[in-house]
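Reading through the C-alpha cells given below for one structure.
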Amino acid sequence: MKNTLKTLTAALTITLSAQAEDRDTIKLYALDCGTIEMFDIGAFSSEGQFNGQSATLADPCFLIRHPKGDFLWDTGLEQSLSEHQDGMNAGYGILRMERSLTDQLADLGMRTDDVEYLGLSHWHPDHSGNAALFTSSTLVINNREHAFMFSDEMKSQPEAYKVWGALENAKTIQFDSEHDVFGDGTVVVKYMPGHTVGHAVLYVNLPETGGYLFSGDLYTHAEGREKKAVPSFNFDKEATKISQSAFEAYAEEKGARIIIQHEMKHFNSLPVFPAYVQ
Ligand SMILES: [Zn+2]
C-alpha cells in the first residue's frame, strides 16, 4: 500500500512538473486544417497574372501555447470535411482534410474549451470554419470585421452566418489597430485591411527562433507576394496595397519570417504537428 502510494505520488509529481515545464515557454504549432486544390487561381490577381493556373493551397491553423494561455489563430475548414475520404468538390476546387481540429488538439491533451483566445484573420469560411467550436474562448478580432460578421446583412445569410454565429455572445476583444494578446509583445494581432474590411495579420515572437509574421490572406500564395498581386474578389484593392507595404515594412523592422498561410511551401517548412517551434 505504502509503495503504491509512493509510486502514485511520484507519477503525479512527474506529471505536474512536466506540465509546469511545458508552460514555461512559448511554443508554436502548425496544424493542418485542410487543403484546397484550386482548379483556377485566376481570381488571385485582378490583372490576370494567374489565369488558367491551378494550385494546391494549405489551410493551416496555428496554436500558440503561451505561459499565460493558449491562442489559436484561424480555424481552417469546417472539420466534418475530415469524414469525406475523397474530399469534397466545392465548385472552385476540391477541399480535403486528413484529421479534424478537435482530434489534433486532443493529441496535446486539449479540448476546444481549453483555448483561452481565438484570433481570426477574417471571416471567410476557410479561416472561420470551426469558429463555432470556440464559444468558451475570448474572440480577438478587428472591430470593423466584427461589425461586418454580426451585421444584419450576414445574419440574413444563414449558411454563412452559422459558421461563426455562435460567437455572438462570446467574450470578445475588439481592437482598432492592434492587440497585444498577452501584454508582452509575443503575440500581436494587427489590422491590415483590404482582403476584407477588418482583415488582420499575426506577429509572434518566439524565444529561440525569433519573429514570425502570419499573412492571413493579405497574400494568397508566395507568387502572389512576388508579383504584388491583389485578388479580384478583395473588399478594397487600394487598402490591400497599403497593407502589403505596411506588412513588408513591419516584417523588416522585426526581422520576422513571413508565413503566407495558404502557401504550401511555407506550411511544409514548419515542423509537422505535434512537433513545434519555440
Ligand atoms: Zn483564405
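Quick check: anything in region 27-37 surrounded by fewer than 23 Cβ atoms within 10 Å (Cβ to Cβ), touching a Lys or Arg at 6+ places or on another chain (Cβ under 9 Å) and over 23 Å from I259 (Cβ atoms)?
no
Any residue at all in region 89-106 that's closer than 30 Å to A246 by Cα, open to solvent by less than 50 Å² (accessible area, probe 1.4 Å) and in contact with a helix residue (DSSP H, G or I) (Cβ under 7 Å, 6 or more places away or on another chain)? Before you say what the answer is, go through the steps one by one.
Going through region 89-106, the residues closer than 30 Å to A246 by Cα turn out to be none.
Looking through region 89-106, none of the residues is closer than 30 Å to A246 by Cα, open to solvent by less than 50 Å² (accessible area, probe 1.4 Å) and in contact with a helix residue (DSSP H, G or I) (Cβ under 7 Å, 6 or more places away or on another chain).
Restricting to region 144-172, give me the number of residues that are out of contact with any helix residue (DSSP H, G or I) (no Cβ under 9 Å at 6 or more places or on another chain) and closer than 21 Å to D217 by Cβ.
8
Which one is farthest from the ligand (Cβ to nearest atom), of the residues in region 112-139 that are in contact with a Lys or Arg (Cβ under 8 Å, 6 or more places away or on another chain) and open to solvent by less than 10 Å² (accessible area, probe 1.4 Å)?
The extreme case among them is S137.
So, in region 209-236, how many residues would count as being within 16 Å of the ligand (Cβ to nearest atom), in contact with a strand residue (DSSP E or B) (Cβ under 9 Å, 6 or more places away or on another chain), in contact (Cβ under 8 Å) with a residue 60 or more places away in the chain and outside any loop (DSSP other than H, G, I, E, B)?
2
Specify the residue that is nearest to A200 (Cα to Cα); the eligible residues are those in region 241-278 that are small (G, A, S) and assigned to a helix (DSSP H, G or I). Can you show your working first?
The initial filter retains those residues of region 241-278 that are small (G, A, S), namely 243, 245-246, 249, 251, 255-256, 269, 275.
Now restrict to residues that are assigned to a helix (DSSP H, G or I): 243, 245-246, 249, 251.
Values: S243: 10, S245: 14, A246: 12, A249: 15, A251: 14 Å.
In this case the residue turns out to be S243.
Looking at region 54-69 only, could you name the residues that are among the β-branched types (V, I, T) and surrounded by fewer than 17 Cβ atoms within 10 Å (Cβ to Cβ)?
Residues of region 54-69 among the β-branched types (V, I, T): 56, 64.
Matches in region 54-69: T56 only.
Please work out which one of (1) open to solvent by 80 Å² or more (accessible area, probe 1.4 Å); (2) within 28 Å of Y276 (Cα to Cα) is the condition T186 fails and give its number.
For T186, the exception is condition (1).
Quick check on F247: is it in contact with a Phe, Trp or Tyr (Cβ under 9 Å, 6 or more places away or on another chain), aromatic (F, W, Y) and within 16 Å of the ligand (Cβ to nearest atom)? Spell out the reasoning first.
On the way: in contact with a Phe, Trp or Tyr (Cβ under 9 Å, 6 or more places away or on another chain): yes; aromatic (F, W, Y): yes; within 16 Å of the ligand (Cβ to nearest atom): yes.
Considered against the rule, which asks whether it is in contact with a Phe, Trp or Tyr (Cβ under 9 Å, 6 or more places away or on another chain), aromatic (F, W, Y) and within 16 Å of the ligand (Cβ to nearest atom), F247 comes out as yes.
Here's the yes/no breakdown for (1) hydrophobic (A, V, I, L, M, F, W, C); (2) within 18 Å of the chain's Cα centre (by Cα):
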| site | (1), (2) |
| --- | --- |
| T138 | no, yes |
| Q157 | no, no |
| V163 | yes, yes |
| T186 | no, yes |
| V197 | yes, yes |
| V230 | yes, no |
| T240 | no, no |
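Would you call F62 closer than 19 Å to I260 by Cα, out of contact with any Leu (no Cβ under 6 Å at 6 or more places or on another chain), within 16 Å of the ligand (Cβ to nearest atom) and modelled with pLDDT of 95 or more?
Numbers: closer than 19 Å to I260 by Cα: yes; out of contact with any Leu (no Cβ under 6 Å at 6 or more places or on another chain): yes; within 16 Å of the ligand (Cβ to nearest atom): yes; modelled with pLDDT of 95 or more: yes.
Judged against the criteria, F62 is a match.
The values are calculated or read from the model by the stated rules, or taken from the named source; none is laboratory data. This structure is a prediction, so every number in the text was calculated from the model and none was measured. Cβ: placed from backbone, ideal geometry, glycine included. Neighbour counts: every protein chain shown. With ligands, DNA and RNA removed, areas are computed over all heavy atoms of the protein, side chains included. Shrake-Rupley method; radii C 1.70, N 1.55, O 1.52, S 1.80 Å.
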